[in-house]
1. What single numbered condition from (1) without any contact (Cβ under 8 Å) to a residue 60 or more places away in the chain; (2) in contact with a strand residue (DSSP E or B) (Cβ under 9 Å, 6 or more places away or on another chain) fails to hold for ALA118?
2. How many residues are open to solvent by less than 10 Å² (accessible area, probe 1.4 Å) and of a type in the set (S, T, N, Q) if we restrict to the stretch 56-69?
3. Do we have ARG353 as charged (D, E, K, R) and more than 16 Å from the ligand (Cβ to nearest atom) here?
4. If you scan the stretch 151-162, which residues turn out to be open to solvent by less than 30 Å² (accessible area, probe 1.4 Å) and either closer than 17 Å to LEU54 by Cα or out of contact with any strand residue (DSSP E or B) (no Cβ under 9 Å at 6 or more places or on another chain) (or both)?
5. Go through LEU328, LEU333, LEU341, LEU259 for me and flag whichever is buried (at least 19 other Cβ atoms within 10 Å of the Cβ), away from the ligand (no atom under 16 Å from the Cβ) and more than 20 Å from VAL99 (Cα to Cα).
6. Filter the stretch 379-391 down to the residues that are closer than 17 Å to ILE88 by Cβ and within 16 Å of the ligand (Cβ to nearest atom) and list them by number.
7. Confirm whether ILE88 is modelled with pLDDT of 95 or more and under 22 Å from LEU387 (Cβ atoms).
8. Can you tell me which of SER408, SER423, SER457, SER388 is more than 23 Å from THR162 (Cα to Cα) and in contact with a Gly (Cβ under 9 Å, 6 or more places away or on another chain)?
Amino acid sequence: MKDTLPDPITIKPAGRRFQGSDQRAPLREGLRGCGEFGPSQTAGRFYPMACVALEVTQRCNLDCTLCYLSDRAEMTYDPPLSVLFARITTIRSHYGRGVSVQLTGGDPTLRKVDDLEALCREIKRLGMRSCLMTNGIRASRAMLTRLAAAGLDDVAFHVDMTQERNGFASEMELNRVRKAYIDRARGLGLRILFNTTVFGGNFAEIPALARFLRDQPEVGFVSFQMQADTGRGVLRARPDAITQDSVIRAVEQGYGTSLHFDSAAVGHSSCNRYSSVVSAGGKAVSLLSNQRLVQRVIAALEEVDTGQDAHIRIRPSVGRLIRRHPLLALWALGHLAGCLLRLGSGLLRGPVRRQAVFIHNFMAADALEEDRCASCVFMVATANGPLSMCVHNAQRDQHLAAPDRVDSPMGTYWWNAATRGLSARPNLPVLKDPEAAPLKRLKGQLRAARQSRKDAS
Ligand code: SF4
């Protein structure tokens with residue numbers, strides 16, 4: 001059990017700020033350094049970073065068995081808006097326009113809606129995307145409507161059996177919750193995402209869950225996240241049966257087709273596997289079945305738009321690609337038509353939708369691989385700038401204790417997670433020791449250990 005601060009980890013994060021004009025360079029060099037910047041790679045080529053988590057609270061209304069938060073999380077204060085605004089500005093200065101900023105926590109919906117609206121507006125004002133990452137319990141239709149009006153782009157619902165929701169004995173039963181969440185977000189102009197932790201308790205159900213998600217036309221993005229031994233959760237090491245390959249097979253079984261996860265890369269292949277599918281009426285077809293075509297399109301897109309935020313100009317880029325490479329465009333069009341034809345009778349049964357499918361392989365806190373951390377596409381905003389999510393999870397308490405500096409016209413202020421509001425003094429309090437907290441404030445391993453001591457006495 002981790003009840004002391006872990007040793008500092010010396011792995012260099014990929015989030016170092018690039019002083020030149022091309023903000024893609026650090027990620028590109030990180031990927032190149034580990035042989036991952038091949039012709040299928042999109043990261044560092046079309047964008048400097050895939051997404052950055054902005055933790056707006058450490059509090060949560062669940063106690064997941066694989067929670068990545070720390071034992072001290074429930075004993076912290078939320079960052080004031082001024083701190084979060086400063087971190088948003090830092091994200092923008094590192095990665096430019098178009099990067100996805102994930103409003104996360106803890107569960108971000110425990111903050112006031114006014115705060116979340118202000119954050120969405122600021123992210124939009126700076127030309128970035130925002131995504132609300134929530135377990136959905138408090139994400140009411142009224143809240144989502146307000147946030148969509150304030151500029152929220154995506155809502156990602158985390159629903160799975162690690163959450164131990166009362167009254168649900170399987171992933172299939174949880175589909176009732178997923179359906180209800182889709183209804184809440186439908187028609188608001190938000191892209192709807194679903195995150196699922198793949199662990200020993202639901203691995204056998206992944207094919208059926210993948211099939212369910214495939215058949216939800218409103219869902220634009222599906223992410224399967226493999227169990228990782230990090231954070232305060234009571235479940236620890238991943239079972240041997242859960243590997244990238246076995247999860248790929250389970251997801252493909254559910255989609256009923258090969259998904260060609262090797263055709264296009266989003267960052268390091270040991271971290272992320274990506275596919276893009278079209279589906280209709282209970283059938284799905286991979287759009288990435290021809291890797292040669294995918295690589296030719298990537299090379300042509302790179303040629304027609306060399307900008308570092310090329311991914312946010314995809315439509316004009318495709319227009320230019322068609323004009324400059326008509327034969328390639330014809331090839332791609334023919335491939336697309338073939339994909340649609342392969343949907344066959346599904347075309348008669350329902351609308352055609354595109355869906356991104358992602359498999360994410362977080363690392364255990366005590367088994368970080370330097371090359372993967374140095375080419376990470378999934379960062380967390382900290383007081384000292386963006387940091388790889390895996391590194392951050394392994395050393396959370398150091399970052400909760402680290403002071404944020406906020407410069408304002410009234411002076412310079414300081415904040416860390418042990419501080420309620422801003423402080424004029426830089427010598428901030430230390431984080432509370434969770435051993436001294438009452439049982440009701442504890443979660444995860446520490447709560448389980450305290451409870452079993454109590455039961456035994
Ligand atoms: S968060 Fe971890 S698993 Fe994900 S891309 Fe970064 S280093 Fe890889």
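1. All conditions are met except number (2).
2. The qualifying residues number 1.
3. Details: charged (D, E, K, R): yes; more than 16 Å from the ligand (Cβ to nearest atom): yes.
The answer is yes for ARG353.
4. Let us first name the residues in the stretch 151-162 that are open to solvent by less than 30 Å² (accessible area, probe 1.4 Å), namely 151-157, 159-160, 162.
Matches in the stretch 151-162: GLY151, LEU152, ASP153, ASP154, VAL155, ALA156, PHE157.
5. On the way: LEU328 fails: buried (at least 19 other Cβ atoms within 10 Å of the Cβ); LEU333 fails: buried (at least 19 other Cβ atoms within 10 Å of the Cβ); LEU341 fails: buried (at least 19 other Cβ atoms within 10 Å of the Cβ).
From the options LEU328, LEU333, LEU341, LEU259, the qualifying one is LEU259.
6. Applying the first criterion (closer than 17 Å to ILE88 by Cβ) to the stretch 379-391 yields 379-387.
If the condition is that a residue be closer than 17 Å to ILE88 by Cβ and within 16 Å of the ligand (Cβ to nearest atom), then MET379, VAL380, ALA381, THR382, GLY385, PRO386, LEU387 are the ones that fit.
7. Working: modelled with pLDDT of 95 or more: yes; under 22 Å from LEU387 (Cβ atoms): yes.
For ILE88, the condition - modelled with pLDDT of 95 or more and under 22 Å from LEU387 (Cβ atoms) - is met.
8. Numbers: SER408 fails: in contact with a Gly (Cβ under 9 Å, 6 or more places away or on another chain); SER423 fails: in contact with a Gly (Cβ under 9 Å, 6 or more places away or on another chain); SER457 fails: in contact with a Gly (Cβ under 9 Å, 6 or more places away or on another chain).
Matching residue, one of SER408, SER423, SER457, SER388: SER388.
The values are calculated or read from the model by the stated rules, or taken from the named source; none is laboratory data. None of these values were measured; they are calculated from a predicted model. Note: ideal-geometry Cβ built from the backbone for every residue, glycine included; neighbour counts use all protein chains shown. Calculation scope for accessible area: heavy atoms of the full protein, side chains included, ligands and nucleic acids excluded. Shrake-Rupley method; radii C 1.70, N 1.55, O 1.52, S 1.80 Å.
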